[in-house]
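The values are calculated or read from the model by the stated rules, or taken from the named source; none is laboratory data. Just so it is clear, the structure is predicted and the values come from calculations on it, not from any experiment. Neighbour counts are summed over all protein chains in view; Cβ atoms, including those assigned to glycine, are modelled from backbone coordinates with ideal geometry. Only protein heavy atoms, including side chains, enter the accessible area calculation; ligands, DNA and RNA are left aside. Shrake-Rupley method; radii C 1.70, N 1.55, O 1.52, S 1.80 Å.
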Amino acid sequence: MSRNSRLSARIARIGLREKLLFSMLAAVLFISVAIALISRYILISSLTHELEMRGYAIAHSVAERGGSYILDNDIPQLLSLIFDETRIRQRKQLIAYVYIEDQHGKVLAHTLTRNLPESLHSNAIPPVEQESVKLLNMDGQEIYDIAAAINEGLYRIGTVHVGLNKKHIDALVGKLRVAFFGFISAVIIITFILSSWLSKYISKPVSDLTRLSDEISRGNFDIPLQIGPEEDWDTSQCPAFTNTDLPCWHFDQSRSGESPGEVYRHCADCAFYRKHEGDEVVQLGDSFRNMVWSIKLYRHRLRESEEKYRSLFDSGPDPIFVVDLDKGEIRDANPRAEELYHYRKSDLLGMKFLDLGPEHNLDCLNYFDEDGSGCVYFPKRLHYKSGGEPFFVNMHACPISYRGRHAIIIAVTDITELIEKDAQLIQAGKMKSLGEMSAGVAHELNQPLNAIKMGSEFLAMMSEEGIEVPKEHFLEVVREISNQVDRATEIINTLRSFGRKSDILEEPVNLNQPVRAVMSMIRRQFELGDIRFELNLADDLPAILAHSNRLQQVVFNMVANARDAINDASSPRDPRRERRISIRTGRDDGHVFVEVADTGSGISPEDQDKVFEPFFTTKEAGQGMGLGLAITYGIVKDYGGDIRIQSELGQGTVFHVEFPAAWARGGNKA
């Protein structure tokens with residue numbers, strides 16, 4: 001074990017009271033030492049500077065008054081002057097000497113009773129300066145020598161030297177230091193006494209709370225909760241404890257500000273929730289005891305809640321599964337799951353969730369494996385019963401923690417009957433669309449039939465008249481008849497594909513294919529109505545997961561809606577208005593889109609939010625039931641897509657439909 005580890009272990013064994021006491025003492029001691037060092041520096045610097053300024057003042061005073069005496073060579077007056085400066089009471093201990101020298105360095109007068117030491121002549125003033133200070137040594141005593149020039153006009157006629165006793169300065173600093181450290185010592189003693197009392201005051205409630213926490217951690221919730229010196233809590237007086245259906249008034253209803261009613265007649269005087277006067281430590285004790293009582297109170301409710309939700313789980317009308325996310329296995333299932341899937345519960349438990357829906361359940365598991373959060377909705381997923389019978393479901397999945405493991409809870413709704421009714425409605429819409437396309441389809445079929453009739457009549461006439469048809473002409477007529485038969489077959493197959501009942505299973509589809517299929521059936525009919533098309537179909541579109549038959553219904557409904565809008569805005573052969581439908585496909589950031597734009601009458605802003613509602617129509621009675629765009633919206637949403645409108649009255653409309661590419665399909669946030 002390293003030294004730091006041993007030190008940490010020793011500190012951990014020290015009690016809270018000792019830690020608080022030593023921490024506060026250490027903090028005060030550190031602050032005191034820091035203040036002492038800073039104060040010492042400030043005191044010495046400021047006091048030394050102040051005394052130096054005083055020395056400068058003395059030197060300048062002597063220089064101003066002694067200039068005339070030097071010019072008159074009046075030495076007695078100079079001596080009188082410098083002795084007067086040194087005899088002032090406050091300066092006796094401070095000034096060690098004063099002497100005056102002429103411009104040649106000759107000493108004219110001084111206050112010493114002996115010859116002036118040679119060491120005092122080392123502080124010469126530079127020619128460009130007027131004063132100078134230097135620390136000198138005079139017979140083992142340190143002296144601050146302050147020199148000031150004596151000038152007469154522009155000429156220097158002498159110099160005044162004032163010696164300040166450094167020992168005297170140090171004595172003043174020492175007195176201040178002793179006084180300051182005495183004050184710091186008093187602060188430390190007072191802090192020690194207060195810290196000892198405060199640490200004891202803080203640590204005792206914490207020790208009581210620690211003892212209480214230890215009992216709770218052992219599962220002992222029946223430990224007496226002493227509220228005050230003479231108080232003890234009797235749980236039989238609490239209506240919320242004896243009746244777990246009754247909420248605790250202090251927790252659940254006190255925020256209303258109303259007084260407790262008859263049921264809560266004891267709550268107003270509840271000794272347990274009575275706040276005691278005191279500081280934060282006392283309040284902490286109250287809050288901790290309240291928390292213990294809350295745990296004890298709501299422990300009963302948690303048990304009842306678990307029983308209640310277990311009953312909801314078991315009696316739910318829809319199948320519910322709990323799936324272990326790490327292993328993908330079913331950990332729990334309700335009785336409704338047994339009924340719908342025709343499995344016994346013992347067979348479901350431990351079964352792979354993928355076995356119930358191999359095609360689609362993997363998306364659900366992958367979503368949460370990739371750190372997906374929140375509940376997710378997976379619509380129209382194919383599941384299989386015990387005997388392999390397929391049926392369709394909607395799934396809602398949410399992440400949970402189940403017995404300490406990462407799991408998801410999945411609610412399943414059987415929508416097979418709903419899908420069948422939806423398919424019937426879509427099929428009825430197709431039949432209506434086929435009726436609208438009948439004239440155009442008949443015209444499209446009439447062209448290849450006329451070509452076949454003309455070719456066959458030509459060959460019959462040549463045969464009846466005995467005219468030999470050249471071989472190359474004969475082959476040309478036969479090939480044309482075959483081509484027209486292929487064309488008619490293609491039209492009929494497209495018509496049959498459009499009218500066939502859609503398969504629910506999704507498959508990869510190129511979005512251009514349903515667009516071209518619809519154009520082959522209706523283009524001629526629309527052009528006869530003076531409506532022209534502009535196609536801009538992108539190449540290399542990624543496939544989407546859908547069904548071509550249902551996408552044809554989407555395209556036809558949008559094109560039919562565009563035709564009606566154009567006819568409302570203008571009449572055929574109207575030179576003042578362009579009659580055009582533009583269809584564009586493309587890709588954008590993992591999505592594939594198709595846009596249908598028209599030059600019709602447009603849609604008002606208040607109607608744009610309603611056009612996808614069932615039975616909403618702006619047409620006259622008998623002209624439409626208002627289901628076309630509603631069916632379109634439902635189909636688009638089934639394939640995870642989105643449909644948007646951009647329209648202005650009189651400026652036309654753009655329907656923008658986009659689907660996620662096949663590789664980007666997944667669940668939807670619930």
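Here are a few things to note about the model shown:
- The condition of being in contact with a helix residue (DSSP H, G or I) (Cβ under 7 Å, 6 or more places away or on another chain), modelled with pLDDT of 75 or more and farther than 27 Å from PRO127 by Cα holds for only one of LEU78, LEU16, LEU43, LEU94, that being LEU94.
- None of GLY66, GLY158, GLY163, GLY105 is open to solvent by less than 40 Å² (accessible area, probe 1.4 Å), of a type in the set (Gly, Ala, Ser) and in a helix (DSSP H, G or I) except GLY66.
- Hits in the stretch 287-334 - residues which are among the aliphatic types (A, V, I, L, M) and without any contact (Cβ under 8 Å) to a residue 24 or more places away in the chain: MET291, LEU302, LEU312, ILE330, ALA333
- Number of positions in the stretch 190-205 that are in contact (Cβ under 8 Å) with a residue 12 or more places away in the chain and either in contact with a Leu (Cβ under 6 Å, 6 or more places away or on another chain) or of a type outside the set (A, V, I, L, M) (or both): 9
- The stretch 355-376, residues that are farther than 19 Å from LEU340 by Cα, touching a Lys or Arg at 6+ places or on another chain (Cβ under 7 Å) and not small (Gly, Ala, Ser): VAL376
- Which numbered condition LEU25 fails, given (1) more than 30 Å from TYR201 (Cα to Cα); (2) out of contact with any His (no Cβ under 8 Å at 6 or more places or on another chain): (1)
- Yes/no for PHE192 being open to solvent by less than 60 Å² (accessible area, probe 1.4 Å), farther than 18 Å from ALA59 by Cβ and not polar (S, T, N, Q): no
- Take the conditions (1) surrounded by 16 or more Cβ atoms within 10 Å (Cβ to Cβ); (2) of a type in the set (D, E, K, R); (3) at pLDDT 80 or above; (4) in a helix (DSSP H, G or I); GLU85 misses just one of them, which is (3).
- Subset of the stretch 573-592 (residues that are in a loop (DSSP other than H, G, I, E, B) and open to solvent by 70 Å² or more (accessible area, probe 1.4 Å)): ARG573, PRO575, ARG576, ARG577, GLU578, ASP589
- Matching strands (runs of 3 or more DSSP E) fully within the stretch 306-386 where at least 2 residues are among the β-branched types (Val, Ile, Thr): 320-324
- Hey, ILE42 under 60 Å from the mean Cα position of the chain (by Cα) and open to solvent by 80 Å² or more (accessible area, probe 1.4 Å) or not: yes
- Among the candidates ILE426, ILE419, the residue that is at pLDDT 70 or above, outside any strand (DSSP E or B) and among the aliphatic types (A, V, I, L, M) is uniquely ILE419.
- Residue that is farthest from ILE38 (Cα to Cα) [pool: residues in the stretch 177-189 that are open to solvent by 60 Å² or more (accessible area, probe 1.4 Å) and of a type in the set (A, V, I, L, M)]: ILE189
- If the condition is being hydrophobic (A, V, I, L, M, F, W, C) and within 43 Å of the chain's Cα centre (by Cα), then the stretch 554-592 contributes VAL554, VAL555, MET558, ILE583, VAL592.
- Exclusive hit being within 15 Å of ARG403 (Cα to Cα) and open to solvent by 10 Å² or more (accessible area, probe 1.4 Å), set GLU370, GLU329, GLU339, GLU359: GLU329
- Filter pass, ARG156 being under 17 Å from ILE82 (Cβ atoms) and not β-branched (Val, Ile, Thr): no
- The residue of the stretch 46-63 that is most open to solvent (accessible area, probe 1.4 Å), among those that are under 25 Å from LEU176 (Cα atoms) and touching a Leu at 6+ places or on another chain (Cβ under 8 Å), is ARG54.
- Those residues of the stretch 625-636 which are at pLDDT below 85 and at negative phi, in sequence order: MET625, LEU627, GLY628, LEU629, ALA630, ILE631, THR632, TYR633, GLY634, ILE635
- Hits in the stretch 134-154 (condition: surrounded by fewer than 17 Cβ atoms within 10 Å (Cβ to Cβ) and either in contact (Cβ under 8 Å) with a residue 12 or more places away in the chain or more than 19 Å from GLY66 (Cα to Cα) (or both)): LYS134, LEU135, ASN137, ASP139, GLY140, GLN141, GLU142, ASN151, GLU152
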